[in-house]
Amino acid sequence: MSQNALLAIAATVGLLAGAGGTWRAMPGVEAQALSKVELTAAISADPSLCPVPQAPIVEGADGG
């Protein structure tokens, strides 16, 4: 078997093992999307959930 085929098989087995492990750990959990109202309320209650990004540092902007 070629090296590429072995690599593809190993990657597939790894992905399936990871997905199976996740399913075994949390079989009954379903993802839910937050509504805009819920998201706004959560960020209003704890602003650290959405920190303000820092301004970028531009070197050499003063021409020197």
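The values are calculated or read from the model by the stated rules, or taken from the named source; none is laboratory data. Keep in mind that what you see is a predicted model, and the values were worked out from it rather than measured. In this analysis, Cβ positions are derived from the backbone assuming ideal geometry, glycine residues included, and neighbour counts consider all displayed protein chains.
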Report task. Exactly one condition in (1) within 20 Å of the chain's Cα centre (by Cα); (2) modelled with pLDDT of 85 or more; (3) of a type in the set (D, E, K, R) is not met by Asp46; state its number. Result -> (1)
Report task. With the checklist (1) exposed (fewer than 10 other Cβ atoms within 10 Å of the Cβ); (2) in a loop (DSSP other than H, G, I, E, B) in hand, flag the one item Leu34 doesn't pass. Result -> (1)
